[in-house]
Amino acid sequence: MTTATRYEQLADRLVQKFDIDRAEIHPEATLGDLDLDSLAVVELTMTLQDDWGISLDETETPPRTTLSQLLTMASEAPPLTP
């Protein structure tokens with residue numbers, strides 16, 4: 001899966017699940033900029049794990065994490081183990 005495809009999927013999830021205005025979503029936006037609290041970050045992380053079949057650690061995604069950094073983490077993440 002390409003980074004561009006993952007970015008679009010991430011943006012779609014943010015709009016659908018967290019009701020974030022698409023205009024606020026850009027690669028350098030932080031999770032904090034998007035008003036995602038710690039519970040929302042956990043929910044987002046779990047959603048991305050399910051969507052992409054990868055293992056992400058929500059403790060490594062503080063509010064200052066940008067969407068670009070999140071995508072890099074996802075591309076380097078190991079596959080989700082059953």
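Just so it is clear, none of the values below were taken in a lab; they were calculated from the coordinates. It should be emphasised that the depicted structure is a prediction, and the values quoted were computed from it without experimental measurement. Using ideal geometry, Cβ is built from the backbone for each residue, glycine included, and neighbour counts are taken over all protein chains shown.
Starting from the amide H of Thr65, placed 1.01 Å from N in the peptide plane, find each other amide H under 5 Å away whose residue is 5 or more places distant or on another chain.
Leu31, Gly32
Could you run the Debye sum over the Cα atoms of the stretch 3-76, one equal point scatterer each and no solvent, and tell me log10 of I(q)/I(0) at q = 0.14 Å⁻¹, two decimals?
-0.35
Once amide H atoms are built 1.01 Å from N in the peptide plane, which residues 5 or more positions from Ile54, or in another chain, come under 5 Å H to H?
Leu80
Can you tell which of Met73, Leu39, Phe18 lies farthest toward the positive end of the dipole of the chain, using +1 and -1 charges on the Cβ of basic and acidic side chains (Lys, Arg; Asp, Glu)?
Met73
Hey, what do the phi angles of the stretch 33-41 turn into as Karplus ³J(HN,Hα) couplings, whole Hz, using 6.51/-1.76/1.60 and θ = phi - 60°, x for Gly and Pro?
Per residue, the Karplus-derived 3J(HN,Hα) values read 4, 8, 6, 8, 7, 4, 5, 5, 5 Hz.
By how many degrees, 0 to 90 and rounded to 10, does the Cα axis of helix 3-18 deviate from the longest principal axis of the chain?
For helix 3-18, the angle is close to 60 degrees.
Using just the helices of the chain, give the 222 nm mean residue ellipticity in deg cm²/dmol: DSSP H runs with n ≥ 4 each add -39,500 (n - 2.57), and the total is spread over all residues, rounded to 500.
-16000 deg cm²/dmol
Residue by residue, what Karplus-based ³J(HN,Hα) values in Hz, rounded to whole numbers, does the stretch 67-82 have, using 6.51, -1.76 and 1.60 with θ = phi - 60° and x for Gly and Pro?
Values per residue, Gly and Pro as x: 4, 4, 5, 4, 5, 5, 4, 5, 5, 9, 6, x, x, 6, 8, x Hz.
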